[in-house]
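S.K.: Have a look at this one.
The values are calculated or read from the model by the stated rules, or taken from the named source; none is laboratory data. Please read all numbers here as calculations on a predicted model, not as lab measurements. Ideal geometry is used to build each Cβ from the backbone, glycine not excepted, and the neighbour counts take in all protein chains shown.
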Amino acid sequence: MRKLLGLIAVAAMPLLSAAPALAVSDADLMGVWRHPDNGSHIQIYACGASACAKVVSVTDPGRKDTHNPDPKLRDRPVVGVVIMNGGKKAGPLKWQGRLYNTLDGGTYSGTLELQSEKQLKLSGCVLGGLICESRIWTKIH
């Protein structure tokens, strides 16, 4: 019996030692994430007590912010555009703020919610949250 318990304990050790690595924390939000639709990379970083996000790479390096509502900004490169400034903590592993979409030039109410340390659910909403669309982003580093 003692031998069987010893074997169970040895077999369970890798599972027990991996458990803390599975815990997700607010710090896991920070890093570079891949947009699932267009392959762009978005860096999420701390800006004071808030969360901010900017485009750090796109599949078309010459892509401009052509849909920006401000005509003076339509010729700027998309890389470097801040798409979220001042995202506030809205709950466990969740932040809320205004999100700028370089694909259509719209700014939406949105949330970022960690699903795991490698998956982030981004939701953008209009009409006071009546209509929302979500995507799962994957962390690349």
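S.K.: Contact list please: Cβ distance under 7 Å, first residue in segment 68-85 and in contact (Cβ under 8 Å) with a residue 40 or more places away in the chain, second residue surrounded by 12 or more Cβ atoms within 10 Å (Cβ to Cβ) and outside any strand (DSSP E or B), pairs at least six apart or on different chains.
M.R.: 83/102
S.K.: Report every pair of residues separated by at least 6 positions or lying on different chains whose Cβ atoms are under 9 Å apart, first residue within segment 44-66 and on the phi > 0 side of the Ramachandran plot and surrounded by 15 or more Cβ atoms within 10 Å (Cβ to Cβ), second at pLDDT 95 or above and small (Gly, Ala, Ser).
M.R.: none
S.K.: Please pick out the residue among 64, 54 that is modelled with pLDDT of 50 or more and under 19 Å from residue 140 (Cβ atoms).
M.R.: None of the other options fit; the residue is 54.
S.K.: Okay, moving on. Output the number of the condition that residue 135 fails; it satisfies all remaining conditions of (1) surrounded by 15 or more Cβ atoms within 10 Å (Cβ to Cβ); (2) within 14 Å of the chain's Cα centre (by Cα).
M.R.: Here residue 135 clears every test but (1).
S.K.: Something else: Within segment 76-85, how many residues turn out to be of a type outside the set (Val, Ile, Thr) and surrounded by 14 or more Cβ atoms within 10 Å (Cβ to Cβ)?
M.R.: Here the count works out to 3.
S.K.: Within the group 93, 127, which residue is more than 15 Å from residue 35 (Cβ to Cβ), surrounded by fewer than 12 Cβ atoms within 10 Å (Cβ to Cβ) and of a type in the set (A, V, I, L, M)?
M.R.: Residue meeting the stated conditions: 127.
S.K.: Something else about it: When you look at residue 73, is it of a type outside the set (Phe, Trp, Tyr) and either surrounded by fewer than 18 Cβ atoms within 10 Å (Cβ to Cβ) or more than 30 Å from residue 23 (Cα to Cα) (or both), yes or no?
M.R.: Judged against the criteria, residue 73 is a match.
S.K.: Please pick out the residue among 103, 112, 120 that is part of a strand (DSSP E or B), more than 15 Å from residue 50 (Cβ to Cβ), out of contact with any Ser or Thr (no Cβ under 6 Å at 6 or more places or on another chain) and in contact (Cβ under 8 Å) with a residue 60 or more places away in the chain.
M.R.: The unique qualifying residue is 120.
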